[in-house]
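Engineer: Can you keep this structure in mind? I'll have questions shortly.
The values are calculated or read from the model by the stated rules, or taken from the named source; none is laboratory data. Since this is a predicted model, take the numbers as computed values, not measurements. Quick reminder, even Gly has a Cβ in these numbers, built from the backbone with ideal geometry, and neighbours come from all protein chains shown.
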Amino acid sequence: MAKKKTDDIVFAPRGIGEESDGVVQKGVDLPPATKKKHKALGLSEDDLKAMYEQMYLQRRFEERSMQQYQKGKFGGFLHLYIGQEAISTGTVFAFDDKDDIITGYRDHGWGLCRGITPKEGMAELFGKATGCSKGKGGSMHFAKAENHFWGGYGIVGGHIPIGAGLAFANKYNGTGKISATFFGDGAVDQGALHETMNMAQLWKLPVIFVVENNGYSMGTAAKRHTVAEIVDRAKGYEMKSAVINGMDVFSVYEKMKEIADDVRENSKPYFVEIRTYRYRGHSMSDPQKYRTKEELEEYQKIDPILKLKDYILSNKVADEAFFTEVEDRIEQEVLDAVEFADESPFPEVEDMYDDMFVEDNPYFHV
Amino acid sequence: MAELQFREAIKHAIDEEMGRDERVFVMGEEVAEYNGAYKVTEGLLDKYGFKRVIDTPISELGFAGIGVGAAMGGLRPIVEFMTFNFAVLAADQIINHATKVKYMTGGQADCPIVFRGPNASAGQLGATHSVAYDSMYAQFPGLKVIYVSEPDDAKGLMKSAIRDDNPVLFMESEQMYGLKGEVSDEEDYIIPIGKGKIKREGSDVTIVAHGKMYHVAVQAANQLAKDGVEVEIIDPRTVKPLDLPLIIESVKKTNRCVVVDEAHPFAGFASEIGFLIQREAFDYLDAPVQRVTLPDVNAPFSKKLFDAWFPSPKQVIDAVNQVTYRT
Ligand SMILES: Cc1ncc(C[n+]2csc(CCOP(=O)(O)OP(=O)(O)O)c2C)c(N)n1
Ligand SMILES: [Mg+2]
C-alpha cells in the first residue's frame, strides 16, 4: 500500500485566522429569549427590582475587584463573571434557597447571589481573615455552605461529580432538595462529566448539570474544542435537556424554574446548556487575540443588565429615580467593601494549620 | 553561550528535536493557536504546522492516553500539561500505563513519551494549583523524572528527554519561565539524564536543591557567604535516576547536608536523600542531615500565609546553622 502524503494532515480544528471576511464570528448562537412578561412568569415588581440590584451588584463588585487587582492589592487568578450575571441571578431566583449550588472558579457572581456579602467577598480576594473562606481560598474558592453554596473549584470539571454527590445525599436523606452543578463549555470535555451523567441517570439523582457556554475555553472557541452541539450530550444518556438564552434573565428564570420543579418532582437529572458570553479575558493576563472587538460588542449590545433596566423602565415598574438610588447605594456598598477588605487583618500565620482536619490538635508531619 | 529565557531554552530544545525527527510532535491545551499558556511553544505551530502542534480539549486523561498510544504506535509525543497539578487527572495513563506497558507485554511495546509542564506552586493560586509532584512520580518504577532549575539544564535535558526511549516527566515552573541564563550554543547540546551538577563550590556544608528550590538555596548561600559560611550547592537536575555519587562525594567533603525540597515532608525527595546519605556516608557526617520542605498543609491563598508556607532562604539558613552548630 502506498504511503499517503501526510503534510496536510490536521487533527485539531483550526480557528484563528479562518474567519470569513467581514462576517463577525459569534462565540455562541443564542436561542430566542422568552416572550413572557414578568407577571406571566410569576415575578412581582419587587422581584424585578431585586433581580436588578443583584445583577448590578455582581457587575460593580467585579469591576471594582478588577481595579483593586490592577492596583496590586491582591494576587493570584481573577476570573470575572461579567456578562454572565443573568445566569446566577435567574437561577437563584428560580431555585429554593435551600437547593444546593456548586460551580467552578468563575464564582464571584454565584457567591454574591447566595449571600456572600460584598465585604466578605472582597476580603476573600484580598486574602484577609474576614473573607468568606478566611483568606484561604481566594477568588477561585468563594463559598457559603450555610446558604447551600458549596463553592467554586479550580480543577476544570472536578466539582461536577461533587454536585451529583450533593444530590445523592439529598435523595438518600429525602430532603426534597435538588442540586445544580455549573461548569464551563471547556469542562464538557472532561471525563468526569460523562461518568457522572451516566450514574446520575442510572441512579435517578436530583441533579441539574448546567453548562455555562460562554463560547470560549480560555483561548479556544467552543467549536474548536468540542464536537457537535453541547446540549446533545444528554441524548446518549437519555437525559432530559434544554438550551437557554443566558443573556436574558427572564429566560433563565423561566426555564430553570420549570427544570427545578421537574427534577424535584421526578428525582431524575437534567442537562442544560445556557448560552452566554464573557466580556473580559479568561483571567487577568489574557490578550484575547482569539476574538475580535466587534464580536464582543455584539454581545455587549444585548447586555442582560441593561436589558432588564429597559424592561423595568418601559413597563413602568420603576422610574429613573429608582435606578439612581440603587446604583448609588450599591456603588457605596462596594466601595465600603474595598475599604473593609483593605483594612481587615491578614490571618495569623498559625491559622495556616486550621481547617486541615476536624480535630483541635491534629497531627502534622514534620 | 547565548542568554535565553527558561521558556526559550525549552522551546529551542523542542524545536531542534522536531527538526531532527519527524516523529516528534507536541500536544496539549492552548499549545498551538494560543502559542502556549506560558508561551513555551510560541512559533512552533507556524513552523511545523497543524499536524505536529496540536491543541487539545481540557481532557487530560484522554490526551495523555492518546499520547501513550501514539508512542506505542511509533511516534514520540511531547504532551504538555498546563501544570502538573492538572496531570493528576491523567495519572492513570502515566502511572498505570506509560510506566507499565513495556513490562507487562514482556518488552513488546515501547513508550517513548515526554510529559512536560510546570510543577508545584506559582504564587497565590490556592490549594489545587500548588503541589510539587516530582517526588510522588519518582516513587513509580519505569519513569524518569526531571525537574530543572536553569535555562541551560532545561535545554540539554529536554533534548535528552525527547530522545529517550522511555516515558520521561519533564518539570518546569511558571515562575521560572522568564528567568534568563546562559545556554550553551554547542550544536546538539545534550545533558545526559541522571547527571547532577555542582552549581556552587564550598567546603562547609552541602545543600541539595532542585527546581525552584535551587534559587532559594542560592539566596541562602549568598547570605551565608557574608557570614563566612561556604555552601556547596548540588542541583541533581534529575530526581530519578538520581546522581547519588555526586551528592555523596560532596557530603564526604563538607560532612554536613541540608536538603531543600518543594514537596510536603512525608516520604519525599528530602527523606530519600537523607536516607541515602546515612547509608552511604554515615561515618562522614558531623551532624544529622536536615531538610527544608513545605509544611504538611495545603497551599493557602492569602499572601501572608503563602509566604509563610513557601520554603524561604531564611529557613535554609536556619537549617545550615543547625548542621554547622552555629545556633
Ligand atoms: C483539569 C484542569 N485543566 C486545565 C485547567 C486550566 N484552565 C483553567 S480554566 C480553563 C478553561 C475553562 O474554560 P470553560 O470550562 O469554558 O470555563 P470558562 O473559563 O469559560 O468559565 C483551563 C484550561 C484547570 N484549571 N484544570
Ligand atoms: Mg467557557
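Engineer: Whether any residue in segment A:106-116 is in contact with a Leu (Cβ under 9 Å, 6 or more places away or on another chain), away from chain B (no Cβ under 11 Å), aliphatic (A, V, I, L, M) and within 27 Å of A:GLY72 (Cβ to Cβ) is what I want to check.
Structural biologist: yes
Engineer: Moving on. Can you find, within segment A:131-164, the residue that is surrounded by the most Cβ atoms within 10 Å (Cβ to Cβ) among those that are more than 16 Å from ligand 2 (Cβ to nearest atom), within 7 Å of chain B (Cβ to nearest Cβ) and over 18 Å from A:LEU80 (Cβ atoms)? Spell out the reasoning first.
Structural biologist: Kept after step one, since they are more than 16 Å from ligand 2 (Cβ to nearest atom), are these residues of segment A:131-164: A:131-139, A:141-151, A:161-164.
From what is left, the residues that are within 7 Å of chain B (Cβ to nearest Cβ) are A:135-138, A:141.
Keeping just the survivors that are over 18 Å from A:LEU80 (Cβ atoms) gives A:135-136.
Numbers: A:GLY135: 28, A:LYS136: 23.
So the residue we want is A:GLY135.
Engineer: On to the next question. Can you run down the residue pairs with Cβ atoms below 7 Å, 6 or more apart or on separate chains, where the first is in segment B:117-128 and crowded, with 22+ Cβ neighbours inside 10 Å and the partner is at pLDDT 95 or above and part of a strand (DSSP E or B)?
Structural biologist: Pairs that qualify, where the first residue is crowded, with 22+ Cβ neighbours inside 10 Å and the partner is at pLDDT 95 or above and part of a strand (DSSP E or B), are B:GLY117/B:GLU80; B:GLY117/B:GLU172; B:PRO118/B:GLU172; B:ASN119/B:TYR147; B:ASN119/B:MET171; B:ASN119/B:GLU172.
Engineer: Go through segment B:93-107 and count every residue that is surrounded by fewer than 18 Cβ atoms within 10 Å (Cβ to Cβ) and either within 14 Å of ligand 1 (Cβ to nearest atom) or among the hydroxyl-bearing types (Ser, Thr, Tyr) (or both).
Structural biologist: Adding up the residues that qualify gives 2.
Engineer: Taking segment A:191-225 as the region of interest, how many residues are more than 10 Å from ligand 2 (Cβ to nearest atom) and either within 14 Å of chain B (Cβ to nearest Cβ) or not in a loop (DSSP other than H, G, I, E, B) (or both)? First the steps, then the outcome.
Structural biologist: First, pick out the residues of segment A:191-225 that are more than 10 Å from ligand 2 (Cβ to nearest atom): A:191-210, A:219, A:223-224.
Okay, now just the ones that are also either within 14 Å of chain B (Cβ to nearest Cβ) or not in a loop (DSSP other than H, G, I, E, B) (or both), so A:191-202, A:207-210, A:219, A:223-224.
Total satisfying the criteria: 19.
Engineer: Suppose we filter segment A:207-253 for residues that are among the basic types (Lys, Arg) and touching a Gly at 6+ places or on another chain (Cβ under 9 Å); how many remain?
Structural biologist: Within segment A:207-253, the first condition is being among the basic types (Lys, Arg), and the residues that meet it are A:223-224, A:233, A:235, A:240.
Next cut, touching a Gly at 6+ places or on another chain (Cβ under 9 Å) only: A:223-224.
Adding up the residues that qualify gives 2.
Engineer: Does A:GLY174 meet the test of being closer than 19 Å to B:ILE58 by Cβ and out of contact with any helix residue (DSSP H, G or I) (no Cβ under 8 Å at 6 or more places or on another chain)?
Structural biologist: Values: closer than 19 Å to B:ILE58 by Cβ: no; out of contact with any helix residue (DSSP H, G or I) (no Cβ under 8 Å at 6 or more places or on another chain): yes.
The answer is no for A:GLY174.
Engineer: Moving to a separate point now. Kindly indicate the residue of segment A:168-190 that is in a helix (DSSP H, G or I) and touching a residue at least 60 places away in the same chain (Cβ under 8 Å) and also surrounded by the fewest Cβ atoms within 10 Å (Cβ to Cβ) among those meeting that condition. Spell out the reasoning first.
Structural biologist: Kept after step one, since they are in a helix (DSSP H, G or I), are these residues of segment A:168-190: A:168-173, A:186-189.
From the residues that got through so far, the ones that are touching a residue at least 60 places away in the same chain (Cβ under 8 Å) too are A:170-171, A:187.
Numbers: A:ASN170: 22, A:LYS171: 19, A:ALA187: 25.
My answer is A:LYS171.
Engineer: Looking at B:GLU30, B:GLU42 in this structure, which one is modelled with pLDDT of 95 or more, buried (at least 22 other Cβ atoms within 10 Å of the Cβ) and assigned to a loop (DSSP other than H, G, I, E, B)? Working first, answer last.
Structural biologist: On the way: B:GLU42 fails: buried (at least 22 other Cβ atoms within 10 Å of the Cβ).
None of the others qualify; the one that does is B:GLU30.
Engineer: Here is a follow-up. Only one of A:GLY165, A:GLY121 is in a helix (DSSP H, G or I), more than 16 Å from ligand 1 (Cβ to nearest atom) and in contact with a His (Cβ under 7 Å, 6 or more places away or on another chain); which?
Structural biologist: Working: A:GLY165 fails: in contact with a His (Cβ under 7 Å, 6 or more places away or on another chain).
So the residue among A:GLY165, A:GLY121 that is in a helix (DSSP H, G or I), more than 16 Å from ligand 1 (Cβ to nearest atom) and in contact with a His (Cβ under 7 Å, 6 or more places away or on another chain) is A:GLY121.
Engineer: Those residues that are of a type outside the set (Val, Ile, Thr), closer than 12 Å to A:LEU205 by Cβ and touching a Gly at 6+ places or on another chain (Cβ under 9 Å), I need them from segment A:158-192; list them, please.
Structural biologist: Correct list: A:ASN170, A:SER179, A:ALA180.
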